[in-house]
Amino acid sequence: MDDADVKNGCLWVIPGSYRSGYLYPQQPHRDADELDFAAESYGFDETEEIPVEVQTGTLIVFNGYLLHRSRKNRSQTYRRVLVNHYCNAWSLLPWHLAEGEHVASADRRGVVPVSGVDPYAWKGYDPVSDNVWLRCCKTVDETNAS
């Protein structure tokens, strides 16, 4: 784990943006030099965005509807983090959108409920991978330690 600051691409959030319970539409990033390959939400006031700079070992917990993103690592140091998602069984899991899919209707069932009843059990489950999924698809040298 590493400290995260503006220079090495810390998390940026829009405080309170989760309150509406709204999943904003998504589009490809408009700035591929600053942001990664994942789609970005749009239709909100980006000027309200603030950095969340933290020291190694800090725990950040937030609602999945909170608008958040990281920026490019422009430093010579790493920004390694551990990310976990904890959600209610009623939550849709819209990761890895297929062609024509929309974030508000997509769902990935590569999870196992730990208690209670899974309201979407009828959908079945994707096989759970034995591999760790790494978001970066370039080497450290190619991305300047991003």
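Computed values, structure above
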read-out: Any hit, the stretch 56-67, residues being at pLDDT below 85, closer than 29 Å to Gly100 by Cβ and exposed (fewer than 10 other Cβ atoms within 10 Å of the Cβ); value: no
read-out: Looking only at the stretch 23-51, and only at residues there that are more than 16 Å from the chain's Cα centre (by Cα) and assigned to a loop (DSSP other than H, G, I, E, B), the one that is farthest from Glu99 (Cα to Cα); value: Asp45
read-out: Of all residues in the stretch 1-18 being in contact with a Leu (Cβ under 9 Å, 6 or more places away or on another chain) and loosely packed, with under 14 Cβ neighbours inside 10 Å, the one that is farthest from Glu101 (Cα to Cα); value: Met1
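The values are calculated or read from the model by the stated rules, or taken from the named source; none is laboratory data. This one's a predicted model, so the numbers in the text were calculated from it and none came from an experiment. Note: ideal-geometry Cβ built from the backbone for every residue, glycine included; neighbour counts use all protein chains shown.
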